[in-house]
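The values are calculated or read from the model by the stated rules, or taken from the named source; none is laboratory data. The shown structure was predicted, so the numbers you read here are calculated from the model rather than taken from an experiment. A quick note on method: Cβ atoms are made from the backbone with ideal geometry, for glycine too, and the neighbour counts reach across all protein chains shown.
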Amino acid sequence: MYAAQRPSALSTDQEVSGYVKLESLSSDSNLSTMLLFPKINLFLLSICLLVQTHFFQVNAQTWEVAAFEVDVSPPLGSPVAYAPARSITDPLLAKGIVIKSEAKPIVLCSVDYLGIANEGRDAWKKALAKAAKTTEDRVWVSAVHQHDGMRCDFTTERVLDEYGLGGTRYDMPLLKKIIRKVARSVKKADKNTETVTHIGMGKAKVEKVASNRRILGESDTVEIIRWSKTSDPAAIAAPEGLIDPWLRSVSFWNGDDAVAVLTYYATHPQSYYGKGDVNAEFVGMARRARQDETGIPHIHFNGAGGNITAGKYNDGSEPVRPVLAARMEKGMREAFAATIKKPIGISLPDWKSKPIHLPLGEHLIERELRNKLAYPQLPDLQKFVAAKHLAWYLRTQQGHPILISTLKLAPGIQLLHLPGELFIEYQLAAQALLPDGELCVAAYGEYGPGYIGTEISYSQGGYETSERASRVSAASEKVIMRAVEELLKE
């Protein structure tokens, strides 16, 4: 490969790599030959060995992946999203992988919770970073957003506790115990790594699941809201609207064997919910079916589905949940079957992150929020909303940034990690920035901001951009997209 070439002739005044001059040798040509060529050969042999050694070391670059899975279900009676847990019909899971290479480890973790926010998310990242022996900026934690899952937000809990409502929405001792449990699993996974030689990418369309929840009228304002479960004939009859129909599958391979699969799809994952029957919903059912069928760890991330639901195809009845699950499972199976593998080559997993600060919604006024929390006659639900608003206001005023990040796994295969309940437009715009590759988007990271609409959506009405649901302003679009463009173009 790097064979040394023996020179055919050398002039008497030629210098060989600055080491040996012929004119300094005896005039006896035989002696000259004997003295010169051993020196040349030794020198070139040394160069050859150095180059080959370097080549071997570069190509010896290896990645390893360790998968983890932890049951994070609450005990009965603990608060979940909309009611105390009365049954566990399908366990909630924290699932993820640790990617190891010559660079610092990377942790990707998906949790079957409604949302993880503020100091609660800080605690997750700190614990998992310590367990994986990496830094917090290289840890991604996001929620799948099931509405019968728990919430995790230590900042909002502190606000509630200040006004005598502590423990009503969050089980702090339980949440801290669960974080420690997941961290132990991450640490243990380090002893069960799999070598990675290839990265796979595939995608498939999911039929009759996602639909846009904001149906605009002739005045370009929201005329109909299509909730997660819908019985309104007009909402059912309306077109799907703007969605991303593609489910994307990223897989890690050791030769011919897949060792972990990540899937990405954007929608609210609800069929029916709200009575305390804890479950991982139809996305969890599909994920479990694929893992059971293949024996491969399967982790699912929710995309920018803030304004996307299954409402067009879901009337909220119990028989619909397995139907939606089967459609998701079909998409996962077909995306995996369409996988094209690429060798990792000599590259490292390329992780980049960027801090951003989202502008506050003008309706977040500390004095007014505190007055609501202190008012005895205000219903507890409204106090809960005020507490979430105040928590995000305080976090923003204290200067805590949101980290968004990208992970390039191979040429044309990147992951993008974003906060909140983002609108699908963000996902589609980001993907358009990589016309020659595939971009998998995970949202529902920092859940503190709530819904994050596009700039124009704040003038169109609808629940998602209301003062109850969103804690940021219309100017957030420019902040987010500027950062996304910078990360993807670096």
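Key figures for this structure:
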item	result
Every pair of residues 6+ apart whose Cβ atoms lie under 8 Å, when the first sits in the range 127-139 and is surrounded by 20 or more Cβ atoms within 10 Å (Cβ to Cβ) while the second is modelled with pLDDT under 95 and of a type outside the set (A, V, I, L, M, F, W, C)	Ala132/Asp190
Meets criteria (assigned by TED's automatic domain parsing to the domain that holds Lys388, over 13 Å from the mean Cα position of the chain (by Cα) and not β-branched (Val, Ile, Thr)) for Ala442	no
The range 99-147, residues that are more than 15 Å from the chain's Cα centre (by Cα), more than 24 Å from Pro74 (Cα to Cα) and of a type in the set (A, V, I, L, M)	Ala103, Ala132
Residue pairs meeting the criteria (Cβ under 9 Å; at least 6 apart or on separate chains; first polar (S, T, N, Q), in the range 413-426; second buried (at least 24 other Cβ atoms within 10 Å of the Cβ))	Gln414/Cys440
Test result for Leu348, under 30 Å from Pro105 (Cβ atoms), part of a loop (DSSP other than H, G, I, E, B) and at pLDDT 95 or above	no
Hey, Gly448 of a type outside the set (D, E, K, R), in contact (Cβ under 8 Å) with a residue 60 or more places away in the chain and either surrounded by 19 or more Cβ atoms within 10 Å (Cβ to Cβ) or under 30 Å from Gly255 (Cα atoms) (or both) or not	yes
Where a residue in the range 274-286 is assigned by TED's automatic domain parsing to the domain that holds Glu69 and at positive phi and its partner, wherever it lies, is in a helix (DSSP H, G or I) and modelled with pLDDT of 95 or more, with Cβ under 8 Å and at least six apart	Glu281/Arg321
Count - residues of the range 82-121 that are more than 23 Å from Arg287 (Cα to Cα) and not in a loop (DSSP other than H, G, I, E, B)	7
Selection within the range 195-231 - charged (D, E, K, R), on the phi < 0 side of the Ramachandran plot and modelled with pLDDT of 95 or more	Lys203, Lys205, Glu207, Arg213, Arg214, Glu223, Arg226, Lys229
Some residue of the range 155-169 being within 28 Å of Gly450 (Cβ to Cβ), surrounded by fewer than 21 Cβ atoms within 10 Å (Cβ to Cβ), free of Cβ contacts under 8 Å to residues at least 60 places away in the same chain and hydrophobic (A, V, I, L, M, F, W, C)	no
All strands (runs of 3 or more DSSP E) inside the range 172-238 with 1 or more residues being under 17 Å from Leu108 (Cα atoms) and among the charged types (D, E, K, R)	194-196
Filter pass, Glu318 being closer than 18 Å to Asp244 by Cα and either in the same structural domain as Glu464 (by TED's automatic domain parsing) or assigned to a helix (DSSP H, G or I) (or both)	no
Residue in the range 316-326 that is of a type outside the set (Lys, Arg), under 20 Å from His147 (Cβ atoms) and touching a helix residue (DSSP H, G or I) at 6+ places or on another chain (Cβ under 6 Å) present	yes
Residue match in the range 256-269 (condition: surrounded by fewer than 19 Cβ atoms within 10 Å (Cβ to Cβ) and within 27 Å of Ala430 (Cβ to Cβ))	no
Residue check, Ser353 surrounded by 14 or more Cβ atoms within 10 Å (Cβ to Cβ), farther than 30 Å from Val283 by Cβ and either in the same structural domain as Glu281 (by TED's automatic domain parsing) or of a type in the set (S, T, N, Q) (or both)	no
Test: residue in the range 439-456 that is outside any helix (DSSP H, G or I) and modelled with pLDDT under 95	no
Flag for Ser353 being touching an Asp or Glu at 6+ places or on another chain (Cβ under 6 Å), more than 21 Å from Cys152 (Cα to Cα) and either modelled with pLDDT of 95 or more or assigned to a strand (DSSP E or B) (or both)	yes
Total residues in the range 319-376, condition closer than 30 Å to Ser271 by Cα, in contact (Cβ under 8 Å) with a residue 24 or more places away in the chain and not hydrophobic (A, V, I, L, M, F, W, C)	9
Odd one out for Gln377, checked against (1) assigned to a strand (DSSP E or B); (2) surrounded by fewer than 16 Cβ atoms within 10 Å (Cβ to Cβ)	(1)
